[in-house]
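Heads up, the thing below is written out as structure tokens.
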Amino acid sequence: MAKEEDSNWADILKRRLANYKKDERSEDEKKEEETEMFTKYYTEWRGGVDNDKSYKTIPRFYYKLPAEDELLLQKLREESRAVFLQRKSRELLDNEELQNLWFLLDKHQVPPVNGDEAMINYEAYLQVGEKAGEKCRKFFTARVYGKLLHSDPYGRISIMQFFNYVMRKVWLHQTRIGLSLYDVAGQGYLRESDLENYILELIPTLPQLDGLEKSFYSFYVCTAVRKFFFFLDPLRTGKIKIQDILACSFLDDLLELRDEELSKESQESNWFSAPSALRVYGQYLNLDKDHNGMLSKEELSRYGTATLTSVFLDRVFQECLTYDGEMDYKTYLDFVLALENRKEPAALQYLFKLLDMENQGYVNVFTLNYFFRAIQEQMKVHGQEPVSFQDVKDEIFDMVKPKDPYRITLPDLVNCCQGDTVVSILIDLNGFWTYENREVLVANDNDGNTAELDDT
């Protein structure tokens, strides 16, 4: 009986295989059928076909980027973006049109003059808008007028303030277009290499950088680009939004170097100036005692006043990118930017990561004690009486006032507005000494100011 059933099953399978036809359709045809079936059943599940005409007019909002091997599509995308940016550039006011706008504004000023400033009322403002041409029309709106209206008793706005507003807008759009030309992906971001190309081609247009030797260009570009990425790319994604570049003041600082009469003080305080870049690179070379182009922990320990603790430096080399245990110039720049800008959230994030040894998202009393013990050891080496950790710990928690009384998070450190002081106490003997003797230093400053007044 069992043999008869097996033979029946075998016959059934043979007949089935004999009648089986191989599906010779292509993958695209199969996908198309699959999509049709999905649409059919999905529509039935939703309760029938939507008859609203608006569903047929919704514009396409997603366009897949071409793959790396789709060279023709990539080239088409690049060309179309270039044409689009050229069109946008032609929509901006040129110098002649700006001069014409200033002439019209000056011609329609409404007395009386407010101090040295010429003023214009809303009626004259609209008249200028009609005469200035199509390109200027977007600037002559009630919203813009309201933004610039302050405390004038006649309800007027300053002609100079309005013209500066227009100039600023034109500059922002010009810069946006200029940066977008370097956006290879066309996604509104600049990668590190994109920004490097932008700054490299910008150097010849900045008179304050005329003295730089071409052999230094690569180091200058690296120095400049690191500031953008250190502060604008905190998650280290390797790209920055063009909007963020325009919104921050870094580009203003960089383009300030177009001023041929920029003061020495302004140059020294500007990270992008030639003296500043040479200072940072010169410090790097001075620290590199073995002249191998890299910094070891021992070489970095001489940074600044040479009072950074060995425990902190250990954490730097554990967390930061190194090559065979040594630091390159790019990593050094991040280190310098963090220590020179300790009040900034991006710098505190960098330093907090070094303090958070267990990567827990907070530091506790044990962590504070671990780092402060190195400060106590340095004090002994310099013949000073070590300060009690308990006193320092209490002061730190009083300054920070964390939400959790037993642990300090990065938001706590940023929000307390004294994060730079807390970090300095834990990593730098000189920083701790400055904090510990703050009252004496303030008294000395006051005495010095009093003496100056007496002399005068």
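Quick notes
- The set of residues from segment 202-234 being among the aliphatic types (A, V, I, L, M) and under 16 Å from L337 (Cα atoms) comprises V221, A224, V225, L232.
- In segment 117-140, residue most open to solvent (accessible area, probe 1.4 Å) [restricted to those that are of a type outside the set (D, E) and either closer than 15 Å to Q161 by Cα or not assigned by the TED database to the domain that holds R156 (or both)]: Y122
- The listed residues are E201, E196, E192, E130, and the only one of them that is over 30 Å from A277 (Cα atoms) and acidic (D, E) turns out to be E130.
- One residue from N197, N114 being open to solvent by 50 Å² or more (accessible area, probe 1.4 Å) and closer than 27 Å to Q99 by Cα: N114
- Residue match in segment 360-373 (condition: at pLDDT 95 or above, within 30 Å of E196 (Cα to Cα) and open to solvent by 20 Å² or more (accessible area, probe 1.4 Å)): no
- Residue in segment 258-270 that is on the phi < 0 side of the Ramachandran plot, open to solvent by less than 20 Å² (accessible area, probe 1.4 Å) and in a helix (DSSP H, G or I) present: no
- Qualifying residue in segment 314-335 (condition: of a type in the set (A, V, I, L, M), surrounded by 15 or more Cβ atoms within 10 Å (Cβ to Cβ), part of a helix (DSSP H, G or I) and under 33 Å from the mean Cα position of the chain (by Cα)): yes
- Filter result (open to solvent by less than 40 Å² (accessible area, probe 1.4 Å) and more than 23 Å from E326 (Cβ to Cβ)) within segment 271-298: W271, F272, S273, A274, S276
- Long-range neighbours under 9 Å by Cβ, at least six apart or interchain, first residue acidic (D, E) within segment 102-120, second open to solvent by 30 Å² or more (accessible area, probe 1.4 Å): E117/M160; E117/Q161
- Residue in segment 200-216 that is least open to solvent (accessible area, probe 1.4 Å), counting only those that are farther than 21 Å from I240 by Cβ and not in a loop (DSSP other than H, G, I, E, B): L209
- Among the residues listed as Y182, Y165, Y125, Y154, the single one being outside any helix (DSSP H, G or I) and either under 29 Å from the mean Cα position of the chain (by Cα) or at pLDDT 95 or above (or both): Y182
- Flag if P402 is touching a helix residue (DSSP H, G or I) at 6+ places or on another chain (Cβ under 8 Å), in the same structural domain as A346 (by the TED database), more than 30 Å from S301 (Cβ to Cβ) and modelled with pLDDT of 90 or more: yes
The values are calculated or read from the model by the stated rules, or taken from the named source; none is laboratory data. In this text, all values refer to a predicted model and were calculated from it rather than measured experimentally. Don't worry about glycine lacking a Cβ; one is built from the backbone with ideal geometry, like all the others, and counts go over all protein chains shown. The area values use the complete protein model at the heavy-atom level, side chains included, leaving out ligands, DNA and RNA. Shrake-Rupley method; radii C 1.70, N 1.55, O 1.52, S 1.80 Å.
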